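Below is one structure. I have some questions about it.
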Amino acid sequence: MQTHAKAVVFRGDGSTVRVEDITVEPPGPNEVMLKIAACGVCHSDLSVTNGTLPLPPPIVLGHESAGVVAQVGDGVTDLKVGDHVITSFVAACGRCRYCSTGRPQLCDIGSTAVAALPGGKVRTRDAQGQPLNVMAACGVMAEYATLHETSVVKIVDTVPLDRCALIGCGVMTGWGAVCNTARVEPGSICVVFGAGGVGLNAIQGCVNAGATMIVAVDTMAAKLVMAKDFGATHTLDASKADNLVKELRKLTGGGADYAFECVGHGDIVAQAYGCLRKGGTAVVVGVAPPANMTSVRTSSLVFEEKTLKGSYYGSTRPRVDFPRLVGLYQAGRLKLDELITRRYRIDEAPQAFDDLAQGRNARGVIVFD
Ligand SMILES: NC(=O)c1ccc[n+]([C@@H]2O[C@H](COP(=O)([O-])OP(=O)(O)OC[C@H]3O[C@@H](n4cnc5c(N)ncnc54)[C@H](O)[C@@H]3O)[C@@H](O)[C@H]2O)c1
Ligand SMILES: [Zn+2]
Ligand SMILES: [Zn+2]
């Protein structure tokens, strides 16, 4: 049965986002329709609206959600109506070279399904019946969404879904960059650039990994206060530093073992690399505009054995990591409640995007009835 839903749509018409009435088609083979409970507003959603992350409009935004299975298509064997799920923004096929070697975040199918379901399928239409793209094979900033089963991970039904939604991107990305991509060792010295929805979770990841010094760097004083609440041992206001790299090297007693760039600019990538000690690793998490470049001193890669690497989706294996993060929350070892600064009704989506752009929230979350 097709369903009517309100959704947050980017049309590329000058407005940031619009809330529209859309139609969601029933699930085809190996697809499910979800009743979305909550969807976080991530900087990547904002980046679609300003061209940093160029995806073709008109497009339903949203890639950080949790909900309940409402309809099940033919051939779906491990999901049933009523199951609680977290959505994955990479629809990992489970069969390709990358999936088969434990790197589903790089899935060949998933990395092409960026504005439609795998195979280019469209299940979402606007009020005029015209097809709407969906961000990252999700488009879950909507009351309902039909997704491929490979984008959906079942979780327990005992944890509030607005908290679980955050695991779908910000938590997984930040925590995973530290614990999966970098595999930070106990006793490490870490620097996290950007204490937003992703960076705060990188800080939580550093705590989880046993880092003994965690320096948060941001340009907003309020974010640095949040960073302390999430486990940063030191903070540095980048807007007040004369020579940030020099100050970080001094503070860390000669440089960091690990630095995480959670903002999205080549200049900050260079800072992250620059503040490393010998043998250190800088991990790039922030998504810069396509033309943005960075530069590092080439010889330092050799003589100092430094590493510069990227982290997509916290190098997640969603079927292992999502339930694991839910478990850490249940055990009191992962902060999710504190991440949600403000909840919005879907009609307030433009406000939620403005609040994100102005840096007012740790995370803003759109909640549905
Ligand atoms: N790698 C991935 O898979 C992945 C997944 C999700 C998001 N992202 C990207 O991660 C980045 C962060 O996303 P978010 O949702 O946390 O954004 P956010 O807006 O919540 O946080 C960004 C933070 O960076 C701070 N900042 C801005 N300029 C700075 C500077 N010069 N130095 C230090 N801090 C600065 C801001 O004040 C803010 O606190 C974005 O680029 C987003 O697209 C990447
Ligand atoms: Zn995101
Ligand atoms: Zn694959």
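Could you look through region 329-345, keep only residues that are buried (at least 18 other Cβ atoms within 10 Å of the Cβ) and within 19 Å of Ile86 (Cβ to Cβ), and pick out the one that is farthest from ligand 1 (Cβ to nearest atom)?
Taking region 329-345 first, the residues buried (at least 18 other Cβ atoms within 10 Å of the Cβ) are 329, 334-336, 339-340, 344.
Then keep just the ones that are within 19 Å of Ile86 (Cβ to Cβ); that gives 329, 334-336, 339-340.
Working: Tyr329: 19, Leu334: 16, Lys335: 15, Leu336: 15, Leu339: 10, Ile340: 13 Å.
Result: Tyr329.
Quick one: which of Ala127, Ala91, Ala116 is assigned to a loop (DSSP other than H, G, I, E, B), in contact with a strand residue (DSSP E or B) (Cβ under 8 Å, 6 or more places away or on another chain) and free of Cβ contacts under 8 Å to residues at least 40 places away in the same chain? Walk me through how you get there before you give the answer.
Working: Ala127 fails: free of Cβ contacts under 8 Å to residues at least 40 places away in the same chain; Ala91 fails: free of Cβ contacts under 8 Å to residues at least 40 places away in the same chain.
Matching residue, one of Ala127, Ala91, Ala116: Ala116.
With open to solvent by less than 40 Å² (accessible area, probe 1.4 Å) and away from ligand 2 (no atom under 16 Å from the Cβ) as the only criterion, which of Cys164, Cys169, Cys138, Cys93 stands out?
On the way: Cys164 fails: away from ligand 2 (no atom under 16 Å from the Cβ); Cys169 fails: away from ligand 2 (no atom under 16 Å from the Cβ); Cys138 fails: away from ligand 2 (no atom under 16 Å from the Cβ).
The conditions single out Cys93.
Determine if region 102-118 includes at least one residue that is away from ligand 3 (no atom under 16 Å from the Cβ), touching an Asp or Glu at 6+ places or on another chain (Cβ under 8 Å) and within 17 Å of Ala5 (Cβ to Cβ).
In the first step, residues of region 102-118 are kept if they are away from ligand 3 (no atom under 16 Å from the Cβ); the result is 115-116.
Narrowing further to those that are touching an Asp or Glu at 6+ places or on another chain (Cβ under 8 Å): none.
Within region 102-118, not a single residue is away from ligand 3 (no atom under 16 Å from the Cβ), touching an Asp or Glu at 6+ places or on another chain (Cβ under 8 Å) and within 17 Å of Ala5 (Cβ to Cβ).
Out of Gly82, Gly40, Gly12, Gly94, I need the residue that is of a type in the set (Gly, Ala, Ser) and over 24 Å from the mean Cα position of the chain (by Cα). Which one? Don't jump to the end; show me each part of the working.
On the way: Gly40 fails: over 24 Å from the mean Cα position of the chain (by Cα); Gly12 fails: over 24 Å from the mean Cα position of the chain (by Cα); Gly94 fails: over 24 Å from the mean Cα position of the chain (by Cα).
Answer to the selection: Gly82.
Could you check how many residues of region 50-88 are open to solvent by 30 Å² or more (accessible area, probe 1.4 Å), within 16 Å of ligand 1 (Cβ to nearest atom) and not in a loop (DSSP other than H, G, I, E, B)?
0
Somewhere in region 16-23, is a residue over 20 Å from Gly314 (Cβ atoms), modelled with pLDDT under 95 and more than 16 Å from ligand 3 (Cβ to nearest atom)? Before the answer, list the steps.
Our first condition is that a residue be over 20 Å from Gly314 (Cβ atoms); within region 16-23, this holds for 16-23.
Right, trim to modelled with pLDDT under 95 and you get 16.
Now narrow it down to the ones that are more than 16 Å from ligand 3 (Cβ to nearest atom): 16.
Yes, region 16-23 contains at least one residue that is over 20 Å from Gly314 (Cβ atoms), modelled with pLDDT under 95 and more than 16 Å from ligand 3 (Cβ to nearest atom).
Do we have Arg297 as open to solvent by 70 Å² or more (accessible area, probe 1.4 Å), under 17 Å from the mean Cα position of the chain (by Cα) and without any contact (Cβ under 8 Å) to a residue 60 or more places away in the chain here?
Here the answer is no, as Arg297 does not meet what is asked.
Okay, moving on. Could you tell me how many of the residues in region 271-294 are in contact (Cβ under 8 Å) with a residue 12 or more places away in the chain, out of contact with any strand residue (DSSP E or B) (no Cβ under 8 Å at 6 or more places or on another chain) and of a type outside the set (S, T, N, Q)?
7
State yes or no: is Ala202 under 17 Å from Leu276 (Cβ atoms) and either of a type outside the set (A, V, I, L, M) or within 16 Å of ligand 2 (Cβ to nearest atom) (or both)?
Numbers: under 17 Å from Leu276 (Cβ atoms): yes; either of a type outside the set (A, V, I, L, M) or within 16 Å of ligand 2 (Cβ to nearest atom) (or both): yes.
So Ala202 fits the description; yes.
Anything in region 97-113 that is touching a residue at least 12 places away in the same chain (Cβ under 8 Å), open to solvent by 20 Å² or more (accessible area, probe 1.4 Å) and assigned to a loop (DSSP other than H, G, I, E, B)? List them, or say none.
Passing the criteria: Gly102, Arg103, Asp108, Ile109, Ser111.
The values are calculated or read from the model by the stated rules, or taken from the named source; none is laboratory data. Every value quoted in this text rests on a predicted model; they were computed, and no experiment measured them. All Cβ positions, even for glycine, are placed from backbone atoms using ideal geometry, and neighbour counts span all protein chains on display. Surface areas here come from the heavy atoms of the whole protein model, side chains and all, with no ligands, DNA or RNA. Shrake-Rupley method; radii C 1.70, N 1.55, O 1.52, S 1.80 Å.
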